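The values are calculated or read from the model by the stated rules, or taken from the named source; none is laboratory data. All figures in this text were calculated on a predicted structure; none of them were measured in a lab. Ideal geometry is used to build each Cβ from the backbone, glycine not excepted, and the neighbour counts take in all protein chains shown. What goes into the accessible areas is simple: the full protein's heavy atoms, side chains included, and nothing from ligands, DNA or RNA. Shrake-Rupley method; radii C 1.70, N 1.55, O 1.52, S 1.80 Å.
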Amino acid sequence: VDNQDPGVHESRVNGLNSSGVGVGEVSHLRMDGSGYDHFAFRWDELSGMVRLDDLGYTWLDLETGLPVTGWIAGGANEINDAGQIVGYARNDSSESGSRAFFFDSGTGFYLLPRAPGAPEGPQTAAVLDENGNVLIKLITEVSCVLFWSPLNSATTTLVFQGGDFSNVNSRMIGDFFF
């Protein structure tokens with residue numbers, strides 16, 4: 001993504017690691033002018049702004065254990081010092097809306113599993129710690145926070161339901177889980 005592209009409507013950095021690598025989201029005007037698409041990017045001083053989907057990695061759905069196609073990293077929210085990235089992915093043919101994703105440059109993209117017992121709805125991976133643990137915000141009528149860990153990658157746990165979780169942050173991972 002060229003941040004000087006006239007089709008770019010807005011871009012914002014959502015996360016920054018200690019090496020100065022940033023991640024975020026850019027909205028880009030559709031070719032037909034009918035609205036905007038959102039894409040996740042990674043930025044560093046050497047490469048500039050690069051769409052995560054342009055890095056050439058495959059997607060794996062951790063619910064099924066199978067590779068999937070058609071998913072696009074719509075926005076990146078955090079990056080840790082290992083370069084792992086979390087955010088939300090979208091697929092125009094998906095009925096459930098967005099899904100949380102986890103990206104590791106050594107292995108690729110992962111669609112994180114939905115939690116049993118949690119309401120259906122769009123989700124975004126909002127918080128990432130240095131161990132790769134993730135807090136996911138489920139965006140429904142009843143706000144929920146989910147927890148996922150690479151140590152048990154097939155399972156996501158419903159942690160909180162109800163309340164205001166607009167300020168979910170990395171300190172919550174340490175306060176509640178370790």
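General remarks:
- Added length on full extension, which subtracts the Cα-Cα distance from 0.36 nm per residue, GLU130 to VAL13: 40.2 nm
- ASP104 - accessible surface, heavy atoms, 1.4 Å probe, Å² rounded to 10: 40
- Cα-based shape type of segment 1-138, given that a ≥ b ≥ c are square roots of the gyration tensor eigenvalues and the cut on a/c is 1.5: oblate
- Under 5 Å between amide hydrogens, built in the peptide plane, is the criterion, and for PHE101 it picks out GLY87, TYR88, ALA89, LEU112, ALA125 among residues at least 5 positions away or on other chains.
- Distance between the 7 Å Cα→Cβ label points at ARG30 and ASP92: 0.7 nm.
- Database remark: amide H of ASP61 closer than 5 angstrom to the amide H of LEU66, VAL68, LEU111 (H placed geometrically; neighbours at sequence offset of 5 or more, or on other chains; Pro and chain starts carry no H).
- Relative contact order (%) - segment 22-105, alpha-carbon pairs under 8 angstrom, separation at least six: 22
- Estimated FRET transfer efficiency (LEU151, VAL50; beta-carbon r; R0 30 Å; 0.05): 0.55
- Using the Cβ-Cβ distance between ILE139 and ALA82 with R0 set to 45 Å, the FRET efficiency works out to roughly 0.95.
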